[in-house]
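Student: Take this structure first; my questions come after.
The values are calculated or read from the model by the stated rules, or taken from the named source; none is laboratory data. Note that the coordinates shown come from a computational prediction; the quantities given were computed from them, not determined experimentally. Side chains are part of the model used for accessible areas, which takes the heavy atoms of the whole protein and leaves out ligands, DNA and RNA. Shrake-Rupley method; radii C 1.70, N 1.55, O 1.52, S 1.80 Å.
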Amino acid sequence: MKTTTFRSFAAELEDAAANCMRFLRSGLRTFSALPWPALLLAAVITACAITVIPLALMLFAIFLAIKYAVLAINSDKTTPLEK
């Protein structure tokens with residue numbers, strides 16, 4: 001197992017940053033080549049994704065908390081025995 005130095009760590013960070021910048025530049029070139037209607041559609045789809053995904057996660061967390069609260073309230077009650 002080789003030892004990691006700060007220089008090798010910094011080199012890895014620089015490589016990751018260069019890859020991210022290359023990815024962003026290619027994405028910006030793609031968006032700049034899009035016609036206006038396609039760009040509008042991409043913006044609307046991105047806005048919907050940014051809005052819907054957190055909303056779904058929040059509703060899931062709320063309903064899960066409600067479920068656990070109901071279970072906590074009803075867990076100490078014993079059911080009557082059937083004869």
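Student: Scanning region 5-47 for residues that are more than 25 Å from the chain's Cα centre (by Cα) and aromatic (Phe, Trp, Tyr), which turns out least open to solvent (accessible area, probe 1.4 Å)?
Tutor: Only one residue tops the list, namely PHE9.
Student: What number of residues within region 5-50 satisfy the criterion of being among the hydrophobic types (A, V, I, L, M, F, W, C) and not in a helix (DSSP H, G or I)?
Tutor: Here the count works out to 1.
Student: Quick one: is ILE73 at pLDDT 90 or above and either open to solvent by less than 80 Å² (accessible area, probe 1.4 Å) or not in a loop (DSSP other than H, G, I, E, B) (or both)?
Tutor: In short, no.
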